[in-house]
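Participant: Quick one: the structure is below, and I'll ask about it shortly.
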Amino acid sequence: MDIKTARSSVGWTQKSAPRYNQLQTAPTSRRVCTYWLEGKCNRNPCRFLHDASLPCSVYHRAAKLSSYIPGDCPGKDPETGAVNSANSTSRDTGDLSTENNPQKPQEKVSHYWISGNCVKGDACPFLHWWFHGVDFAQLAKLEGHRKGVSGIALPAGSTKLYSGSKDGTVRIWDCHTGQCDQVINLGGEVGCFTSEGPWVFVGMPNKVKAWNIQSGASYDISGPVGQVHAMEVGINMLFAGGQDGTILVWNGVSEADPFQMAAPLRGHTRGVVSLTVGRDQLYSGSIDQTIRVWDLHTLECVQELVGHTTSKLPPLVAPQTLSV
């Protein structure tokens, strides 16, 4: 009786406490209430046991008797309202270890924290941050470019992030610290950025710059007319879409001559702004409102897709990536 009297005072006013205490009588049977097991018992008092050692998910009667005040009862989940019988029992018997050492369930964010109303601080048993598991969250904000960022690349096996901007610079960031390690002034606007293996490619007006981050080799590949807006790599070939609508192709012949010009792909009448490779084909999107499909073995256009009515084409996606 003493335990139940102590428990009944939690969250109740002075006036209502005596009536609530009168309802609490000892069960007259040692059998467990089958209705309580199903969460349907509406008797108070009930002459059968409501055993707190059984799963707390079926203990609905306690939730009806308690006028819950957030933060007062550790036996009740402040996010869901569910009653935890085991925690309630430890509170009744004077065990305050749950309050002194709150355990954070590593899968749930506090609803009160989301709305900015959580007053528990570090004592809150729920997460006060967004990121958990495989979800996305902002880890850092890399600042330094003075104009729009036109491309980023994370080469395979590298701990550096490369970014190119319309301010004419390439910045190299340390992925562990988020600090900018190096700034390279190219002297011209960066139109696009991509990487393949150890190679980093930068599209610029009238040329493509290529760096090998392993060997340190650097190349200025000439040939494009105007700004290079899009680049792609596939089947040991580098493709670059120019402002004049031409797609230039370079073959990777050898380490001594890694970029040998192949036949240019002509057909678009305005700048090529998107390229992607898939299923032995190259797909190109242009401001001329068309998409062209090129065979990578013959380097010939095998199909032209017409139907867009605006020049703002979205980035193209290779067909094999559409089958999710």
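Participant: For VAL190, list long-range residues whose amide hydrogen, built 1.01 Å from N in the peptide plane, is under 5 Å from its own amide hydrogen.
Facilitator: Answer set, sorted by chain and number: SER165, LYS166, ASP167, GLY168, THR169.
Participant: Can you give me the long-range amide H partners of ALA230? Hydrogens built in the peptide plane at 1.01 Å from N, cutoff under 5 Å, separation of 5 or more residues or another chain.
Facilitator: GLY241
Participant: Convert each backbone phi in the range 179-191 into a coupling constant with the Karplus relation 6.51 cos²θ - 1.76 cosθ + 1.60 (shift: θ = phi - 60°), then list the ³J(HN,Hα) values in order as whole Hz, x for Gly and Pro.
Facilitator: Computed from phi, the couplings for the range 179-191 are 8, 7, 7, 7, 10, 10, 8, 8, x, x, 5, 8, x Hz.
Participant: While we're looking at this one, here's another question. For the range 181-275, what are the per-bin percents of Cα-Cα distances with bins 5 Å wide, up to the bin holding the maximum?
Facilitator: 3, 14, 27, 26, 17, 9, 3, 1, 0
Participant: Give the peptides 286-293, 34-41, 223-230 in descending order of average Cβ contacts within 10 Å, highest first.
Facilitator: Final packing ranking: 223-230, 286-293, 34-41.
Participant: Something else now. Could you list GLU255, GLU189 in order of exposure, starting from the residue whose Cβ has the fewest other Cβ atoms within 10 Å?
Facilitator: Fewest-to-most ranking of GLU255, GLU189: GLU255, GLU189.
Participant: Please list, in chain and number order, the residues 5+ apart from CYS41 or on another chain whose amide H is under 5 Å from its amide H, with Hs placed from the backbone.
Facilitator: Sorted by chain and number, the residues that satisfy this are TRP36.
Participant: If you take the Cα Rg of the range 149-321 and divide it by 2.2 N^0.38 Å, with N the number of residues, what do you get?
Facilitator: So the Cα radius of gyration is 1.02 times the expected 2.2 N^0.38 Å.
Participant: May I pose another question? Which of the chymotrypsin sites (Phe, Trp or Tyr not before Pro) across the range 111-200 are loop residues per DSSP, with 14 or fewer other Cβ within 10 Å?
Facilitator: TRP129, TRP130, PHE131, PHE136
Participant: Using DSSP to define loop residues, name the trypsin sites (Lys or Arg not before Pro) in the range 111-209 whose beta-carbon has at most 13 other beta-carbon atoms within 10 Å.
Facilitator: Taking the range 111-209 and a limit of 13 other Cβ atoms within 10 Å, the loop trypsin sites (Lys or Arg not before Pro) found are LYS141, ARG146, LYS147.
Each value in this text was obtained by applying a stated rule to the coordinates, not by laboratory testing. What you see is a predicted model, and the numbers here were worked out from it, not measured in a lab. In this analysis, Cβ positions are derived from the backbone assuming ideal geometry, glycine residues included, and neighbour counts consider all displayed protein chains.
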